2 protein chains.
Amino acid sequence: MRCVACGAIGKSENGLANKTITAVKGFLAGAMHCGIKESGKPDLALLVSKVPAAAAGVFTTNKVQGAPVIVGREHIAGGRLQGCVINSGCANVCTGQRGLRDAREMCALAAQNLKTVGVRLPPSQMLPSSTGVIGRFLPMDKLRSGIPALVAKLADTAEAGEAFAQGILTTDTCVKTAYATLHAGGATITIAGNCKGSGMIAPNMATMLAYVATDAAIAPAPLRRIVKAVADQTFNCVTVDQHTSTSDTFVCMANGMSGGRILSGRDLNKFTTGLMEVCLSLAKQIARDGEGATKLVRVFVCGARTTSDAKRAALAIANSPLVKTAIHGGDPNWGRFVSAAGYSGASMNVAKSVCKVGKITVFRAGRPTDVALSKVEAAMRQTEVDITLDLGTSGAGTAQVFTCDLSREYITINADYHT
Amino acid sequence: MRCVACGAIGKSENGLANKTITAVKGFLAGAMHCGIKESGKPDLALLVSKVPAAAAGVFTTNKVQGAPVIVGREHIAGGRLQGCVINSGCANVCTGQRGLRDAREMCALAAQNLKTVGVRLPPSQMLPSSTGVIGRFLPMDKLRSGIPALVAKLADTAEAGEAFAQGILTTDTCVKTAYATLHAGGATITIAGNCKGSGMIAPNMATMLAYVATDAAIAPAPLRRIVKAVADQTFNCVTVDQHTSTSDTFVCMANGMSGGRILSGRDLNKFTTGLMEVCLSLAKQIARDGEGATKLVRVFVCGARTTSDAKRAALAIANSPLVKTAIHGGDPNWGRFVSAAGYSGASMNVAKSVCKVGKITVFRAGRPTDVALSKVEAAMRQTEVDITLDLGTSGAGTAQVFTCDLSREYITINADYHT
């Protein structure tokens, strides 16, 4: 199994293998600028399977949910989907009944125009997504002219896959792509995905937007179970700013075009491992590209009473602005890590707790170790910083969370980002 | 009743009334630089009542607690206290048994030297406090020479009160003082207090450090009840960076030297109101002086199912870096306020929810109002920003939380603050 997670893949060149989402058999993709974003950047993207696909998705748990999330939940409820239509620049959230009508019209426009390129599907087989400013109505005139133009450009080339990866971005500084192949069910299966997200990132059941396509043949019920489990260990372990978005969506479509058998037994496990690898790569790319980020941070908590205690402590550390600024400044101020776990609500036995920065133990048996702070500082100055905290209870709970540092650039992006 | 809460009181001038903590009858105060802080700023402070006082305090709920917090809880357990000895520059947290011995020695040094100025008390009647870096041992040699020198300087003058207010600060940019007088129990009672705190501020049972002195005569039991209730509605409603400190301490000492009766009945209510006013003023001064802050933000949540739901939603809004940066930039991006409540875990009926910025309604009946964003922007550009959110449930829960904006300066202070 191979996994490409370079974070910033350039335009594919002729002669190189296609490792974009269109490398998955039977998927077409594309993106364009339809006029929603003033910057002129791509703001409309489409991903379509030539044949109906089994599909499963997880969505935001925010009580304020975008209209596309509400419509998307309806459309994926039967476990089948054939495509996704995505705009950026306007989130279609806090928009009431009009927002719901607009999200449904996006799906209808896509379905209607896909007929012209020979792909027939009901609007209810399209999943809509929108990201951007909350509290604005979608500019439907731009989508009414944009969607037909985009359908005409759909292709299964590497360039089309690259365009899709670009098309779903907002404040992201690079595309987020992951790709894996494996053998299962008597065929070579490809799994490829893209995601976006660098601010308002603290997924809870899903991340900002992630689309994974596979040509595996897999029934909706096991796919749903696998997607949920994979989301919990990948996207749900990322936080940039603890602000769970109203638009979080992670969808996986499996169209069976690899030609293999319907997966079961050990083959399902192999598929789960492949999907986990792709999604973990995407999740880490989100953390590394968090708004203003200069470092990727991994927080690992062990010795917790329960898994949920471990996650609570890991998230408290990962979300503390004091922790994130210490990491930004390369400051060996490990007291901030230990004290964040202390207020997380997780059970903790301070006298048996152990804290490590990278491989260096800084705190043990209730007091600092004798290690020179200059060594800790060297570990903090890396572009990847690992924090490990043993909560010192007799439990076996562990959790891993990915985040980034907090820089002046985050403030610039978010204080100067005007609605 | 008068309350002075100007936030930045200058040195008192001859001829002006003393409104510092030494204006309370029978209290002596002082501060000095004993060599802990490299900056040369004051790092040691003392507050002492000439006679034993009823006392009550609330302390951090962080599971990692400073040695002074552990010793302070022991000393105040009997409801009596006669003084507080406070250092800054080193928090004496994560320091094990040696840390506990050091905190006890601070109290013993104070008690032993106070004899030389005619104040006799056992070491167990002193409350120790330390703030600063976590994970370092106290430099006891500096305290062993500093405490005798400071005792010799104790006074009940306005200058001594000012010195105390200055002496407890760390990254604070100004002193935090509040003062009130009232008539109860047949006498004029003075309540005056100081606090410190601008980073690692998300009190839960108390704030960073707050000391309130009063010459009211009041029994320990009602004082304890009142202090707890007042803390919950004042210090516990402030957050700068959601990082609950390991050192949070709020102590109130009542030495009875006003000459009045022991308070009971309606007089206790009057005292509670006075203490609430002093503490609310101090709490708001902390929020306004949050690290890097340029604005004071009040978040008021109503229409919640319960009070705790209201507080959960208000804290989610107040702690969201996306909310705090929008306020910093004067950006009318109210979707961030509504969506923060949405992920807080509080019950919410989005269709009946109402959001206001200042007095301007921006969101109602599930959709944006027609108000011009330029008007909202004008409200956001003030140095005091009020956010009101009705969660739209049929409940009567309300809560108010104070915070500040998030600026580049916060990053500078905390990324460049080296341990």
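The values are calculated or read from the model by the stated rules, or taken from the named source; none is laboratory data. Here the structure is a predicted model, which is why all the values come from computation and not from measurement. In this analysis, Cβ positions are derived from the backbone assuming ideal geometry, glycine residues included, and neighbour counts consider all displayed protein chains.
A few comments on the model shown:
- Flag if A:Leu16 is touching a helix residue (DSSP H, G or I) at 6+ places or on another chain (Cβ under 8 Å), modelled with pLDDT of 95 or more and under 24 Å from A:His183 (Cα atoms): no
- Condition check for B:Thr307: assigned by TED's automatic domain parsing to the domain that holds B:Leu389, of a type in the set (Ser, Thr, Tyr) and either closer than 30 Å to B:Ala254 by Cβ or in contact with a Phe, Trp or Tyr (Cβ under 8 Å, 6 or more places away or on another chain) (or both): yes
- Residues that are more than 23 Å from A:Gln233 (Cα to Cα) and either surrounded by fewer than 24 Cβ atoms within 10 Å (Cβ to Cβ) or basic (Lys, Arg) (or both) are absent from region A:304-312 altogether.
- The single condition among (1) buried (at least 24 other Cβ atoms within 10 Å of the Cβ); (2) closer than 30 Å to B:Val350 by Cβ that A:Thr177 does not satisfy is (2).
- Among the residues of region A:194-215, at least one is surrounded by fewer than 22 Cβ atoms within 10 Å (Cβ to Cβ), within 14 Å of chain B (Cβ to nearest Cβ) and of a type in the set (A, V, I, L, M, F, W, C).
- Scanning region A:106-135 for residues that are assigned to a helix (DSSP H, G or I) and either closer than 26 Å to A:Thr171 by Cα or not assigned by TED's automatic domain parsing to the domain that holds A:Ala221 (or both) yields A:Met106, A:Cys107, A:Ala110.
- So B:Leu406, is it crowded, with 22+ Cβ neighbours inside 10 Å, out of contact with any strand residue (DSSP E or B) (no Cβ under 6 Å at 6 or more places or on another chain) and either among the hydrophobic types (A, V, I, L, M, F, W, C) or away from chain A (no Cβ under 11 Å) (or both): yes
- Tally of residues being away from every other protein chain (no Cβ under 14 Å), buried (at least 24 other Cβ atoms within 10 Å of the Cβ) and either of a type in the set (A, V, I, L, M) or in contact with a Pro (Cβ under 7 Å, 6 or more places away or on another chain) (or both) across region B:221-249: 5
- For A:Phe137: the one exception among (1) more than 15 Å from A:Ser49 (Cα to Cα); (2) away from chain B (no Cβ under 14 Å): (2)
- Considering only residues in region B:19-51 that are among the polar types (S, T, N, Q) and either modelled with pLDDT under 80 or not in a strand (DSSP E or B) (or both), the one that is farthest from B:Gly256 (Cα to Cα) turns out to be B:Ser39.
- Members of region B:291-322 that are more than 9 Å from every other protein chain (Cβ to nearest Cβ), in contact with a Ser or Thr (Cβ under 9 Å, 6 or more places away or on another chain) and of a type in the set (S, T, N, Q): B:Thr294, B:Thr306, B:Thr307
- Flag for B:Gly366 being at the interface with chain A (Cβ under 7 Å from one of its Cβ atoms) and surrounded by 23 or more Cβ atoms within 10 Å (Cβ to Cβ): no
- Taking every residue in region A:136-162 that is surrounded by 16 or more Cβ atoms within 10 Å (Cβ to Cβ) and pairing it with any residue that is acidic (Asp, Glu) and not in a helix (DSSP H, G or I), at least 6 positions away or on another chain, the pairs with Cβ-Cβ distances below 9 Å are A:Lys142/A:Asp43; A:Gly146/A:Asp43; A:Ala158/A:Glu13.
- A:Gly342, sole failed condition from (1) in contact with a helix residue (DSSP H, G or I) (Cβ under 7 Å, 6 or more places away or on another chain); (2) under 22 Å from A:Gly366 (Cα atoms); (3) buried (at least 24 other Cβ atoms within 10 Å of the Cβ): (1)
- In region B:323-351, of all residues being touching a residue at least 60 places away in the same chain (Cβ under 8 Å) and facing chain A (nearest Cβ under 7 Å), the one that is nearest to A:Gly66 (Cα to Cα) corresponds to B:Thr325.
- Selection of region B:34-73 for residues being of a type in the set (S, T, N, Q) and under 22 Å from B:Glu162 (Cα atoms) yields B:Ser39, B:Ser49.
- Screening A:Thr393 with (1) more than 10 Å from chain B (Cβ to nearest Cβ); (2) β-branched (Val, Ile, Thr); (3) free of Cβ contacts under 8 Å to residues at least 12 places away in the same chain gives one miss only, at (3).
- Some residue of region A:171-180 being within 14 Å of chain B (Cβ to nearest Cβ), modelled with pLDDT under 90 and within 20 Å of A:Gly72 (Cβ to Cβ): no
- Test for A:Asp289: is it buried (at least 24 other Cβ atoms within 10 Å of the Cβ) and of a type in the set (D, E, K, R): yes
- Where A:Asn269 falls short, out of the listed (1) modelled with pLDDT of 90 or more; (2) buried (at least 23 other Cβ atoms within 10 Å of the Cβ): (2)
Here is a yes/no grid of residues against (1) in a strand (DSSP E or B); (2) among the basic types (Lys, Arg); (3) within 14 Å of chain A (Cβ to nearest Cβ); (4) more than 17 Å from B:Met253 (Cα to Cα):
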| position | (1), (2), (3), (4) |
| --- | --- |
| B:Gly57 | yes, no, no, no |
| B:Val69 | no, no, yes, no |
| B:Gly78 | no, no, no, no |
| B:Leu81 | yes, no, no, no |
| B:Gly89 | yes, no, yes, yes |
| B:Gln97 | no, no, yes, yes |
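- Test: residue in region A:393-402 that is out of contact with any strand residue (DSSP E or B) (no Cβ under 9 Å at 6 or more places or on another chain) and surrounded by 17 or more Cβ atoms within 10 Å (Cβ to Cβ): no
- Residue within region B:269-287 that is in contact (Cβ under 8 Å) with a residue 12 or more places away in the chain, more than 30 Å from B:Ala187 (Cβ to Cβ) and not in a loop (DSSP other than H, G, I, E, B) present: yes
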